[in-house]
Amino acid sequence: MTTELAGGQVVIEILYLIASVLFILSLKWMSSPTTARHGIWAGEIGMVLAIGGTLLHHGMSYRLIGIALVLGTIIGVPLGEVAMTAVPQRTALSHAFGALCVTLVGSAEFYLRAPDISRFMMAVLSLEVILGGLTVTGSLMAAGKLQEILPQRPLTYKGQNLVNFVLLAGALAIAVTLVLHPEARSLFPFMILIALTFGVLLIIPIGGADMPTVISLLNGYAGLSAAAMGFVLDSKLLIIAGALDGSSGLILSIIMSKAMNRSFANVLFGAFGQVQAASAAGGEARPVRSATPEEAAAILSAANRVIVVPGYGMAVAQAQHKVRELYDALSKRGVDVRFAIHPVAGRMPGHMNVLLAEADIPYDRLIEMDEINSDFPQTDVALVIGANDVTNPAARSDASSPIYGMPILDVDKAHTVMVIKRSMNPGFAGIDNPLYYLDNTLMLFGDAKAFVGSIVRELTGGHG
Amino acid sequence: MNSSSNLINALFIFVLAGFIGFEVIRRVSPLLHTPLMSLTNALDAIAVVGAIFLVGEHKSTLSTVFGFVAVVAATSNIVGGFLITDRMLKMFKSSRPAAKPAAKSVAK
C-alpha cells in the first residue's frame, strides 16, 4: 500500500471504517433482548458496505466472485433455517466454515508470496493456518458428535496429552523453520496436515457435557485466526472483526469453564473429559421415592412458587413445548413459575434460553444461576427436567466428588424437589447424584415430554 | 511499503479492538449467548473480503481455487449466521407488553 491513497482507495477505507463501527454497535446492542435485533441490522449493513467496498477495487473479475457468492448463499440459507434443537451443531459447523475460509486464504497467500515474505509475516501466517486448520477439523468433529454421527462418548487413551503435545510442537517447529527459511515451501503442507490432525485428536476426548466450553473455545480460535489473517492482508477491518469474535469466544469459554469449575488453562490445553473417568456409581441400590403424574400435578397445583430447572435431557426429549403448556397451566392457577438456567446447561452457551424462547416462554422468566440460587429456600417445588450434574449437591459438600467445587443450582434447598428422569441409570458422566436420595426429593420416572404432558393433562382436567 | 509501521498500526488496532470486544461482550446478557455466538460468527465471516481479492485478482490457479472455496464458505456463514440470529432473536419475548419498556425493567 502506498502512503498516498488514491481517491477510490479512500472511499473504500472509509466504507471499511463505517463497517467496523457498525460491527461494534452490533455487538453492543446484543446486551439486551430489546435492542438485539438492531444489532443484526447494524451487522448486516456493515457487511454489505464492506463487501461492496471490496468489490469497488480496480481490476477485479466479477464472474467467479458472483458464482461463489451465489453458491455460498445457496448453502447458507438452509444453514440459517435449521431447527432450534440443531443450533449447537450448526454453530460448530459454521466455526468450521469460517476457519476453512481463513486457512485457505492463508495458504493461498503463502504460495503467492513465499519465499519473499518477512519473518513477522510468516510467523503470523503460520499462526493463522495452524489455528485455522485445527479449528476446521475440531469443529467438524464437534458438529459430528453433536449431530450424533460420531460417538458422543469421550475417547481417551494412554499418553493422549503427550501425543497432542508432540503434534503441536511439530507444527510449531515447522512454523519456526518456515520463518527462518521461507524458501522451504514443501514443508508448508505438512504444517497444515498436522494442524488438521491435531484438531481431530483435540476433540476425541471431549464428552457432551464439555461441549459448551469447547464450542466457545473453537469460536475464539476461529476469531483469532481471522485476526491473524487481518495482519497478513493488512486489513484493519478484518483485524477488528477477528478481535471481536476472538474476545467473544474467549469470554464465553472463561464463563463456561468457571461454571464447570475448571481453570481456563485447563480448558486451553484441552484437558477436557478427564472428570468422566472418575467415580463410577456407588453400586448399591439406595431407596428413592417416586411419584405418578397425578401426584406431581397435585403437588404443583398446591404450590405458590415453582422453579423449573431444564437441562440437555429436555432438549433431547424435545419437551420444551410441553414445558410451556405446563408453564401456562400453572400460571393460570396463579402459581409463580420461573426457570433456573445454569450457564452450562445444554450443549452450548445459552442453549436452554433459546429452546425455551422458541417455546414462547417469556425471557423475563428465565433467570440466571447467580440470581435465582438464593430463592430456592423459599420455593415450594423445584422441578428438574433432564438436568443432572448442575443440580448435584455433592459439588458443594463432597470433596471426593469429581465435580466438587462446580457451582450448582441449589435445588435441594427447595421444599420439594421433583426430578424427571428416565431411570436411575447414572448416564455418561457416571457421577452419582445424592439429590435423588434426599427425603424431599420425588423421582418422576419417564420420558420428559410424555411425563410433562401427563402432568399438564391432569392440571387442565383431561384435555391437554 | 513501510512494513514495521504497518505492523505497529495493526497491533494497535488489534489490541484496542480486543479491548472493546471484551468490554462490550462482557455486558451481553447470558440469555443471548447463543445468538451472540451466531452473530459473531457471521461478522467474523468478513474474512470473505480477503477471499474475494484472491478470486478477483486471479494471480494463480491455486489461489483462485482456494479463494473460490473460501468465498463460498464465508458467504454461507454470513447468510446462515444472520438468518438464524434473526430467527432466534424474534423468539425472545417479554411477558410485559412490548409497547412500553417500563422504567423499572431490570437494568443490567
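A short reminder: the numbers here are calculations on the coordinates, not readings from a lab. Keep in mind that this is a model prediction, so the values were computed, not measured. Positions of Cβ are backbone-derived with ideal geometry, glycine not excepted, and every protein chain shown enters the neighbour counts.
A few points about this structure:
- When the square roots of the Cα gyration tensor eigenvalues are ordered a ≥ b ≥ c, the ratio a/c for chain A is 1.5 or more and a/b exceeds b/c, which makes its shape prolate.
- Longest segment of chain A lacking chymotrypsin sites (Phe, Trp or Tyr not before Pro) that sit in a DSSP loop with at most 16 other Cβ atoms within 10 Å: A:1-156
- Residue (of B:Leu89, B:Phe19, B:Ser5) at the positive-pole extreme of segment B:3-91, dipole from beta-carbon charges: B:Leu89
- For chain A, the longest site-free run once GluC sites (Glu not before Pro) in DSSP loop states with at most 16 other Cβ atoms within 10 Å are removed: A:285-464
- Taking amide H atoms as placed 1.01 Å from N in the peptide plane, the amide H of A:Val82 has no partner under 5 Å among residues 5 or more positions away or on other chains.
- Derived scalar couplings between HN and Hα for segment B:52-68 equal 4, 4, 4, 6, x, 8, 6, 7, 8, 4, 4, 5, 5, 5, 4, x, 4 Hz in order, rounded to whole Hz, by the Karplus curve 6.51 cos²θ - 1.76 cosθ + 1.60 (θ = phi - 60°), x for Gly and Pro.
- Residue-by-residue Karplus 3J(HN,Hα) for segment A:385-399, coefficients 6.51, -1.76, 1.60, Hz, glycine and proline x: 10, x, 10, 9, 4, 6, 10, 7, x, 4, 5, 8, 10, 9, 5
- Computed [θ] at 222 nm, helices only, for chain A once each DSSP H run of length n ≥ 4 contributes -39500 (n - 2.57): -18500 deg cm²/dmol
- Comparing segment B:3-91 with the 2.2 N^0.38 Å rule of thumb, its C-alpha radius of gyration ratio is 1.37 (two decimals).
- Distant-in-sequence amide contacts of A:Leu442, defined by a placed amide H-H separation under 5 Å and a gap of 5 or more residues or a different chain, comprise A:Val417, A:Met418, A:Val419.
- Positive-end extreme of charge dipole, chain A - chosen from A:Val316, A:Gly230, A:Ile18 (charges on Cβ): A:Val316
- Principal-axis tilt of helix A:293-302 within chain A, Cα atoms, nearest 10 degrees: 90 degrees
- Contact order relative to length of chain A, as percent, for alpha carbon pairs under 8 angstrom and 6 or more apart: 13 percent
- Computed over every Cα-Cα pair of segment A:331-464 and binned at 10 Å starting from 0, the pair-distance distribution P(r) comes out as 11, 40, 39, 9, 1 percent.
- Global form of segment A:1-107, assessed from the alpha-carbon gyration tensor, a/c cut-off 1.5: oblate
- Computed about its Cα centre, the charge dipole of segment A:91-208 is approximately 280 debye, with only Lys, Arg, Asp and Glu carrying charge at their Cβ.
- In order through segment A:174-189: 3J(HN,Hα) via Karplus (6.51 cos²θ - 1.76 cosθ + 1.60), integer Hz, x for Gly, Pro: 5, 4, 4, 4, 5, 5, 7, 10, x, 6, 7, 4, 5, 6, 3, x
- Degrees between helix A:211-233 axis and first principal axis of chain A (Cα, 0 to 90, nearest 10): 10 degrees
- In a simple Cβ point-charge model (Lys, Arg +1; Asp, Glu -1; nothing else charged), chain A has a dipole of about 480 debye relative to its Cα centre.
- Amide H partners (placed H, <5 Å) of A:Gln152, local residues excluded: none
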